[in-house]
Amino acid sequence: MNEWNIGLAMPEWILAISALVALFLDARTPYHRKEGVGNAVWIGVIVATLWSIMQGFGLDGKEYAFRGRYGLDAFSVLFKVIFGITAMFVMAMSDTWLKRVDRGHGEFRLLTIFATMGMFFVASVEDFATLFVALELITVSFYCLTAFKRNDVRSIEAGIKYIVLGALASAFLLLGIAFIYGATGSLLLRDLASSGAADQIGHAGGALLQFGVLLTLVGLGFKIAAVPFQVWTPDVYEGAASPVTAFLSMGSKAAGFVLLLKVVRACLGPMADSGLAAASSWGALIALLAGLTILYGNLGAMWQGNLKRLLGYSSIGHAGYLLMGVMAFNHAGFTAILYYLMAYLFTVLGVFAVVVLVNGLTKSHRVDDYAGLGRTNPFLALVLTCGLLSLAGVPPLAGFFGKFLIFRAVIAKGTVVAYSLAAVGSLGVVVSMYYYLCVVKRIYMHEAPENGPMKTISGISRPMMAVLWICLIGIFVLGFFVQPFMSLAEQAASALLAG
Amino acid sequence: MSWLSIVVLVAPLIACGRILFMKEESDADRDRIRQTAIGWSTVSLVASLAMFLLFDAGATERYQFLVEIEWVESIGLGLILGVDGISLAMVVLTSIVIWTGCQVSRSITDRVKEHYILLMALCVGVFGVFLSIDLFFFYFFYEMAVIPMYLLIGIWGSRAAKYSKEYATMKLTLFLTTGAVVALIGLLAVYFEAGRVGGVYSFDMREIAKVTFSDSFQITWFPVIFLGFAAIVPLWPLHSWSPIGHAAAPSSVSMLHAGVLMKLGAYAILRIAFDSLPAGAEHWMGWVGLLCCMNILYGGLVAMAQRDMKFIIGFSSSSHMGYVLLGLATMNMLGLSGAVFLMFAHGIMTALAFGLIGWFYEQTHTRVVDDLGGMLKVLPFAGTCFIIMAMASAGLPGFANFASELLVILGAWKSEFVLAGTGMTLPGWVPTMAAIWGIVISATYLLRAIRDAWLGPLNPRWSELKDVTSRKHKTPFVALILVLAVTGCFPSLLVNKIKDGVGKLRVMQSAPVQEEARR
């Protein structure tokens, strides 16, 4: 455990090297010829992801590197693969999107790979210092990415909102880490789990620690867009370029949940097993946040006329469902979260892929401008519809099984809090069904206006086509052939619980 | 022969996949798509009829044609298919309605491919519900049926009086989803309680049926599951989505919806709520005995005031589903088997009604009875079918509806309805009177509809209409009438099998003791 063992972090090394190569290439080429940068980034992400998969096959228990500050288990491997796939899909989308932008191609790709590297590190975080650095690597990259369309006022506004609130959240997180360090004298997550911190947290003496954990949750709550730290979401989602929004809604959210799970496991996890009184009050707090998040996201989304804003609100709602799984606090809950995120990967990226393509044609994100998509582009309409219905949780699509597992984990608690949370969750399902179906209605039941911009989209690039197909198939496979993915999620959840 | 249940379920799925890869450019292509759908629905029909013939009513095991496939082992989830007497009747009903529905929707010419893909997906869902013996897959298929219906009504439907088809379909979808999610919470509670009490966490209904739940658990959770599924029956006052939905849907979907989908709710109550929570059912069903009188009378009276044919049949459906609920509320052999038989009979009857209405709506573009008149002169075949349908619906002896309603009424007369929480008891004759008046009311509105639309002087606007002439157009209507008449004249064909299923419900196994206690 006290060895450097730097070979273990090979995926991160690969990403770092390819990022440096890309940086070098970017400095050496004129602004309209950035293919080299793109290739370096693509190769880096693909190799890193494959390497992670290979590591997953050879993995035995948990291994450490950098003197115990970096860990690799089934949980981190699963997330590295998820982040790798997310990055690839996002890069395919940004290749399509960048054709409409005349400058900044190199920077865009560089920022993408830096954020990806941050996510890979997040999956292996073992102490609070690494956690903070990895998280900042992601967040700072996203500050630039959201404000990337510098001629667009909304993009700039989104960037400023994100940077101000993000900096605030980081400050909270840092303060929380300081309090935790003050209370326990260690930055290592596993020290927290084993040093009896859990016992302390239940007693008055643990006030310092409790306060620290609370502040940490504030910082992470911002990342995952949970109420009451959600206000930035719709504006940033609307203002940022669509591939960035896709990256934000999947990559950044998943990274937030990875950290949340790790922190919750370290600080509160053992407590749930020992059944201390404090566990129920933390559980109730998370349940309250989850319920409010679900209601805010879903009720807010009902009134949106802009598809990206709608997806922003709905992503708040999904954070709420994921928090329901955190509230369950056990193996079933963690499994459910992991499955939900796997399903969310294909679902939400499929939706954004269509958004990117349609936006290129109509130059608009208004829901009304999707009218007639079913007739002009049947395949895109199919992908978008399946994606939205999967978000709503309709069988046999991926989102359904995720939601089912979440509800199952919560109801297993059998307490009044759990049942009320399930009731709120089911209300959210019905509301979300309404606004997703409103979009589906535009797609199939309304006709495109005469002389409107809606027509058949041709010349979809190969990678983009691959993204659409993989997402569509993924949505069905994860919804029906559940067993292999379920066992992946179960293994990862066991690894997380084992610490 | 257990593969038969797979054939029934998979045939529409194959049709779905097949049609997905067919092209739709000319009329010949469209015909080919239709033929594919009809062909695979015939496969389902033949398989389900074979199941019906091979089903052994006296067998000791409860489910026949069992297929078990392990799905997710760690949470006790398996794809388990099979039928008992109750679901057998429903599977046969579904396959008949779908087979005729596919033929009736020949008239759809816009986006034929999408239409049949969605119709077949809907069939997979409905068959899945009736065949599943696993709670998870039961719910899975149930939810799966909702979305194709949303699109089918929204795209190919028509305006229903003052409501747009989009409003109608959204209302329907939201009602059904709400019901389903509420029921899901109840189902999961039952799953975990079964695990806690019985030690095995499993979604297998046969495992859950072995567990005896505490009375307080049953009394708390029965209403949750019941109300979740009652929204789809639909129980008054949760019915408001249903007539609008019927009226807005294209004819094949109305047929499937009124004929089969409404039965999903009652079936789910029988199969899950009654079987796993018998004491809860015993406790609460008295109230249902009271509410279903509202269904019968209110639905019937509203139907009287309607002028749109589809609304008349729509409200009459919610009135007839009141009889089904009354049958469930009696909790005795007569009432329960009557209810299941009525589900079958009503399914066939409404399918016939909506098929006919849809057929002449395509020609006249109106369903309002005041615009019609004397139609029998130009449409003798369709009119005769309609009159036969109306007679069956009004409970004329010789049709299945009569036999089944009689069973329900006899069952209701024999039982009494304890209104839990008030200490009052509703004697059996009260709902019986409501049910009998309900028959009078339904005869009234049906005869009035016949008088206004089919008899009297011919409105000259319609003198050019053409009757159903070709054999392929006549087939579905004739087939449905034959089924009604055959099961009406020889009810024991079906009732024997239904009785076998009902007798094996847990509610029935504890019933004799309670009946003795009452005396």
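All of the numbers you see were taken from the coordinates with simple rules; none came from a lab. Just so we're clear, the structure is a prediction, and the values are computed from it rather than from any experiment. Every residue, glycine among them, receives a Cβ derived from its backbone with ideal geometry; neighbour counts consider all protein chains shown.
Treat each spin label as a single point 7 Å out from the Cα along the C-beta direction, and report the B:Thr60 to A:Ala178 distance in nm.
With each label placed 7 Å out from Cα toward Cβ, I get 7.7 nm.
Over all directions, what mean area does the Cα convex hull of the protein assembly as shown project, stated in square nanometres?
41.4
In a shell of Cβ-Cβ distance under 12 Å around B:Trp429, excluding B:Trp429 itself, what net charge do Lys and Arg (+1) and Asp and Glu (-1) give?
Working: positive: B:Lys414; negative: B:Glu416.
Summing Lys and Arg as +1 and Asp and Glu as -1 gives 0.
Roughly how crowded by other chains is peptide A:412-419, in terms of the mean Cβ count from those chains within 10 Å of each of its Cβ atoms?
Counting other chains' Cβ atoms within 10 Å and averaging over A:412-419 gives 2.
Within region B:329-373, what residues put their amide N at less than 20 Å from the label point 7 Å along the Cα-to-Cβ vector of B:Leu482?
Output list for this probe position: B:344-356.
Between A:Met302 and A:Met54, how many nm apart are label points set 7 Å from Cα along the C-beta direction?
According to this spin-label approximation, the distance is 5.3 nm.
When a/c reaches 1.5 or more, the comparison of a/b and b/c decides; with that in mind, is region B:379-519 rounded, prolate or oblate per its Cα gyration tensor?
oblate
What shape does chain B have by the C-alpha gyration tensor, where a ≥ b ≥ c are the square roots of the eigenvalues, rounded means a/c under 1.5, and otherwise prolate means a/b greater than b/c and oblate the rest?
Cα axes put chain B in the oblate bin.
Name the long-range amide H neighbours of B:Leu426: under 5 Å, sequence gap of 5 or more, or other chain; modelled H, no Pro or chain starts.
The answer is B:Phe417, B:Val418, B:Leu419.
Lysine pairs in region A:276-499 with Cα distance under 25 Å, only those 8 or more apart or on different chains: how many are there?
Final tally of qualifying lysine pairs is 9.
Please report B:Ser492, A:Ser155 as a ranked list, fewest other C-beta atoms within 10 angstrom at the top and most at the bottom.
B:Ser492, A:Ser155
Once you average over the residues of B:154-162, how many Cβ atoms of partner chains fall within 10 Å of each Cβ?
Going residue by residue through B:154-162 and averaging, the value is 1.
With labels modelled as points extended 7 Å from the Cα through the Cβ direction, what inter-label distance (nm, one decimal) is found for A:Asp191 paired with B:Lys466?
Rounded to a tenth, the inter-label distance reads 8.9 nm.
Shielding by partners for B:77-83, please: the mean number of other protein chain Cβ atoms within 10 Å of each residue's Cβ.
Mean partner shielding for this stretch: 1.
Can you list the aspartates and glutamates whose alpha carbon sits under 13 Å from that of B:Lys113, skipping same-chain ones fewer than 8 residues off?
B:Glu24, B:Glu25, B:Asp27, B:Asp29, B:Asp31
Kindly put B:Ile439, A:Ile286, B:Ile14 in sequence by how many other C-beta atoms sit within 10 Å of each C-beta, fewest to most.
B:Ile14, B:Ile439, A:Ile286
Give me the one-decimal Kirkwood hydrodynamic radius in Å for region A:276-499, with the sum taken over alpha-carbon pairs.
Hydrodynamic radius (Kirkwood, Cα only) of region A:276-499 equals 18.1 Å.
For a test of the definition: using alpha carbon positions, the gyration tensor, and the 1.5 limit on a/c, classify region B:301-385 as rounded, prolate or oblate.
Prolate shape, in that a/c is at least 1.5 and a/b is the bigger ratio.
Can you tell me which lysines have their Cα less than 17 Å from the Cα of B:Lys504? Leave out same-chain residues fewer than eight positions away.
Within reach: B:Lys210.
Helix-only mean residue ellipticity at 222 nm, chain B, DSSP H runs n ≥ 4 weighted -39,500 (n - 2.57), per residue, nearest 500. What is it?
Numbers: 22 runs with 362 residues, N = 519.
Rounded to the nearest 500, it is -23000 deg cm²/dmol.
Step through the table entries A:Lys99/A:Lys223; A:Lys34/A:Lys80; A:Lys34/A:Lys149, compare each Cα-Cα distance with 21 Å, and write down the pairs that go over it.
Distance filter (> 21 Å) returns A:Lys99/A:Lys223; A:Lys34/A:Lys80.
Cut-off is 10 Å between beta-carbons; in what order do B:Cys292, B:Cys489 appear when sorted fewest neighbours first?
B:Cys489, B:Cys292
Using θ = phi - 60° and the Karplus relation 6.51 cos²θ - 1.76 cosθ + 1.60, list the HN-Hα couplings for region A:477-487 in order, rounded to whole Hz, with x at every Gly or Pro.
Each residue's phi maps through the Karplus curve to give 5, 5, x, 10, 8, 7, 3, x, 6, 4, 6 Hz.
Kindly list the residues of region A:147-190 that lie in the label zone of A:Ala129, defined by a backbone N under 17 Å from the point 7 Å along the Cα-to-C-beta vector.
The answer is A:174-190.
Would you please give the residues with an amide H less than 5 Å from that of B:Ile80, counting only those at least 5 places away or on a separate chain, with H modeled from the backbone geometry?
Those qualifying (amide H under 5 Å, at least 5 residues apart or on another chain) are B:Ile69, B:Ile133, B:Asp134.
Given q = 0.08, 0.10 Å⁻¹, what are the Debye log10 I(q)/I(0) values for chain A, with equal point scatterers placed on the Cα positions and solvent ignored?
Taking Cα atoms of chain A as identical point scatterers yields -0.45, -0.71.
Using θ = phi - 60° and the Karplus form 6.51 cos²θ - 1.76 cosθ + 1.60, what ³J(HN,Hα) does each residue of region A:311-327 get, whole Hz, x for Gly and Pro?
Once θ is set to phi - 60°, the couplings for region A:311-327 become 5, x, 4, 5, 5, 5, x, 5, 4, x, 5, 5, 5, 4, x, 5, 4 Hz.
What is the set of long-range amide H partners of A:Asn306 at a cut-off below 5 Å, with H atoms built 1.01 Å from backbone N?
A:Val367
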